[in-house]
Amino acid sequence: MLKLRNAFLVLGLLSLVSVAEASPIVLTGDHFTVTYESTQTGLYKQGFMAGSLDTVYFQPNAFTALSSGSQVSTQSLLNLTFTIDPGYSFAGLSFTERGNYFLLNGGAVNVSASVQQANSASPLLSLTPGSPLSSTGRSTPWELTGAVSLLDLGAQQTLTIMLDNTLFASSSGPGLGFIQTTYAGFQVVTRKAPASVPEPSSVALVLIGMVAAVLIGRRKVRIPLRGARL
């Protein structure tokens, strides 16, 4: 009986640990919030909100690809849900990713990033370097950046997106290829939602009601009371 009780205790503790590991994390920005599951960050690690309160960013320290032979790749997914506060709307969303790379004796590296809306077949952004990452003999920075317009976002108040990022490294002979991501951030631009304008039909109904009330009031004033002297 004691062993059985201990077994149930262990299972209970494991379930609590599992729930704690999968708990949602919420970051509060300027007129919006960002939510993600703690188990979904992968190589990106913990997220932060910038001091300007308009950018959520990650600073991975182990998102790398290293090759001293055949091609290798490292991929990581990140799911984020952006919720705009009532009274505001999306005005734009931009993504920036930075890192550095190192090449030696025929090494090669590359990087690609795709930002896609949940349940959508076409990505919002598909990013690759504008020029080859080909500097050799020293650590060289690289950057990907792109923006999503208001037209692409529509009138949504909540947007769930997935970042699919892959680092590639390859080399031949004594070559070496190394690349890493050190920063990934989403900047959210919001604007105050315009005040709602009444429909023309609603305005007309209100005016008709006001005129009818005035006419009825005047009619009651003109009708003499019974017993009153004329």
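The values are calculated or read from the model by the stated rules, or taken from the named source; none is laboratory data. Everything quoted here is computed from the prediction, not taken from an experiment. Cβ placement follows ideal geometry from the backbone for every residue including glycine, while neighbour counts extend to all protein chains displayed.
The table that follows gives values for the structure above.
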| quantity | calculated |
| --- | --- |
| Close pairs from the range 121-147: first farther than 12 Å from Asn100 by Cα, partner charged (D, E, K, R), Cβ under 8 Å, at least 6 apart | Leu124/Asp152; Leu127/Glu97; Thr145/Glu97 |
| Identity of the residue in the range 73-119, among the β-branched types (Val, Ile, Thr) and over 30 Å from Ala155 (Cβ atoms), that ends up surrounded by the fewest Cβ atoms within 10 Å (Cβ to Cβ) | Thr74 |
| Residues located in the range 28-39, provided they are of a type outside the set (Val, Ile, Thr) and either surrounded by fewer than 16 Cβ atoms within 10 Å (Cβ to Cβ) or assigned to a strand (DSSP E or B) (or both) | Asp30, Phe32, Tyr36, Glu37, Ser38 |
| Within the range 133-175, considering residues that are of a type in the set (Val, Ile, Thr) and over 30 Å from Thr190 (Cβ atoms), the one modelled with the lowest pLDDT | Thr136 |
